[in-house]
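The values are calculated or read from the model by the stated rules, or taken from the named source; none is laboratory data. No experiment lies behind these values; they were computed from the predicted model shown. Positions of Cβ are generated from backbone atoms using ideal geometry, with glycine treated the same way; all protein chains shown enter the neighbour counts. Note: accessible area is taken over every heavy atom of the protein model, side chains too, but ligands, DNA and RNA are not part of it. Shrake-Rupley method; radii C 1.70, N 1.55, O 1.52, S 1.80 Å.
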Amino acid sequence: MNAIETKNLTKKYKNKTAVDSINLTVGEGELFSLLGVNGAGKTTTIRMLSGLSTPTDGEAFINGKSCKTKIDEIKNIIGISPQDTAVADNLTVRENLDFMASIYYADKETINEKIEKITSIFNLSEVEDQKAKTLSGGWKRKLSIAMALISEPKVLFLDEPTLGLDVLARRELWRAIEALKGKMTIILTTHYMEEAEHLSDRIAIMISGKIKACGTVADLEELSGKKGLEEAFVAIAERGMSENE
Amino acid sequence: MNKIKAFSTRNRKEILRDPLSYIFCLAFPLVMLIIMSVLNASIPKQANMTVFRIDNLSSGIAVFGQTFVMLFTSLTVSKDRSGSFLVRMYATPMKSSDFTIGYITPMIIISFFQNVIIYIASFIISIITDVDLNIGGMILSLIILMPSAIMFICFGLLFGTLFNEKSAPGLCSIIISLSGFLGCIFFDADSTGGAMLKVCKSLPFYYCTKSARACVKLDFSAGAFIIPIVIVIASAAVLGCLSSFVFKSKMKADLS
């Protein structure tokens, strides 16, 4: 069974089509990237898949469950780290994790167990008593992802997780994301080529709401006839934009 | 239930860790209590003006303090809405009722303890000024003040849901001013009478103060207590339903 499947998934806002009839399949345990420039429809796609936006047309399935009819069940098996770091500023790192864990679990022992586990994965112990508002951008982003992971989701959505981070913080976050590979399905949106290339099993290139190409880096290179993901992306994007015109 | 508890705890901590909440919700009402008590001492007895006497002032200031809890409710909700925090929470199994209960419950608790502190300060002032203040009436009044607390908190939830973090506090300040004057906290509309009294009686704030004052004096007559408290409870129920409905509608619109 595919972890994610979309059938002609479409989102329209008045006169603008943000996502235009996309068809995707993502396997279990795969790290799948949606790559595109700003306004390509990456975030809207993630919002529809995570139940934060209702598709105008088409359907999406998470672990075989329809996003239209089984969204309450889906919410129990997904985690999302939004583009802006969505943390409770006046709570400490540990309290933020405790808060998210308490949404999913009732037993205090289980909650503490989950907190210890995620703190260790993301090396959060050194800042666990610090209020979230005092953290640097990198630590905040790590906390935001850790909060999304506390419920041990089957599918994790990371919306531009390294946006605005310096190179060291970005590399550290990459290592954390790499450590999750294979343990769950991860959908990552980014407009950083090296990030998509470094982390992804497969990449979909989105241009103006449409998926113009999908595959491994080698597949995309072959499709575009260019060497390197950046060159391949530019070639596919330019071709896609001229087709739209 | 654990979802509501977790969300309530988060909201309580967010507010109690904001130093401004102590300044507005506690320090400011206490300062007003002291200033008005000093003012009361300067009013000649012949004037027969008792609105600032501590047995009247204590419950008025308690209601006044609740308006600042409304302000912080609106700030918390509007801040959560303007950032990505609620987006994250919408992707969890929480329902709109979990959010509204989670916002309202900690504010009720904060308001309760705020009123306890205001009444303790009032009791001290009553000893200094040698005015009889009924302890039993004050304790009972803490419970009687809860419907008005819920009403103001629901105002805050409503404004925080409908407006952004810049507009919501502005609208709350209108309610704060209205409740101060038309709630008869800082002037005696019953003595003034006329159109002013009619305006006061057309808004729920007047009844919040009137029912709490009557309770402190253990006056449970229909005119002084029963009718006012029924109006306050009805207003709280209406605003509770309205704010929950608006939050649910906004959440639905956000997720469309």
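One table, with the values for the structure above:
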quantity	calculated
Residues (among the β-branched types (V, I, T) and open to solvent by 10 Å² or more (accessible area, probe 1.4 Å)) located in segment A:128-163	A:T134
Single residue of segment B:18-73 satisfying the filter (of a type in the set (S, T, Y) and part of a helix (DSSP H, G or I)) that is nearest to the other protein chains (Cβ to nearest Cβ)	B:S21
Failed item in (1) surrounded by fewer than 16 Cβ atoms within 10 Å (Cβ to Cβ); (2) within 14 Å of chain A (Cβ to nearest Cβ); (3) not aromatic (F, W, Y), with B:I15 passing the rest	(1)
Residue match in segment A:102-118 (condition: surrounded by 20 or more Cβ atoms within 10 Å (Cβ to Cβ), away from chain B (no Cβ under 14 Å) and more than 15 Å from B:T9 (Cβ to Cβ))	yes
Residues satisfying the stated conditions in segment A:69-98, i.e. open to solvent by 10 Å² or more (accessible area, probe 1.4 Å) and either over 23 Å from A:T189 (Cβ atoms) or more than 12 Å from chain B (Cβ to nearest Cβ) (or both)	A:T69, A:K70, A:D72, A:E73, A:D89, A:N90, A:T92, A:R94, A:E95, A:D98
Residue check, A:I236 part of a helix (DSSP H, G or I), in contact with a strand residue (DSSP E or B) (Cβ under 6 Å, 6 or more places away or on another chain) and buried (at least 17 other Cβ atoms within 10 Å of the Cβ)	yes
Qualifying positions in segment B:45-86 - of a type in the set (D, E) and under 23 Å from B:I153 (Cβ atoms)	B:D80
Among the candidates A:D166, A:D219, A:D201, residue that is surrounded by fewer than 21 Cβ atoms within 10 Å (Cβ to Cβ) and touching a strand residue (DSSP E or B) at 6+ places or on another chain (Cβ under 6 Å)	A:D201
Residue ranges of helices (runs of 4 or more DSSP H) in segment B:190-256 with at least 1 members over 29 Å from B:L142 (Cβ atoms), within 14 Å of chain A (Cβ to nearest Cβ) and among the small types (G, A, S)	B:227-254
Residue check for B:L171: of a type outside the set (V, I, T), buried (at least 17 other Cβ atoms within 10 Å of the Cβ) and not in a helix (DSSP H, G or I)	no
Residues of segment B:32-73 classified as open to solvent by less than 70 Å² (accessible area, probe 1.4 Å) and without any contact (Cβ under 8 Å) to a residue 12 or more places away in the chain, total	2
Any chance B:V77 is part of a helix (DSSP H, G or I), open to solvent by 20 Å² or more (accessible area, probe 1.4 Å) and within 14 Å of chain A (Cβ to nearest Cβ)	no
Matching residues, segment B:119-141, being open to solvent by less than 40 Å² (accessible area, probe 1.4 Å) and of a type in the set (F, W, Y)	B:Y119
Tally, over segment B:82-139, of residues that are within 12 Å of another protein chain (Cβ to nearest Cβ) and not acidic (D, E)	16
A:T54 vs. criteria under 20 Å from A:L180 (Cβ atoms), open to solvent by 10 Å² or more (accessible area, probe 1.4 Å), within 13 Å of chain B (Cβ to nearest Cβ) and of a type in the set (V, I, T)	no
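Condition check ((1) free of Cβ contacts under 8 Å to residues at least 60 places away in the same chain; (2) assigned to a loop (DSSP other than H, G, I, E, B); (3) within 15 Å of the chain's Cα centre (by Cα); (4) within 16 Å of A:E30 (Cα to Cα)) across all residues:
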residue	(1), (2), (3), (4)
A:G138	yes, no, no, no
A:K142	yes, no, yes, no
A:A148	no, no, yes, no
A:G164	yes, yes, no, no
A:L168	yes, no, no, no
A:R171	yes, no, no, no
A:A176	yes, no, yes, yes
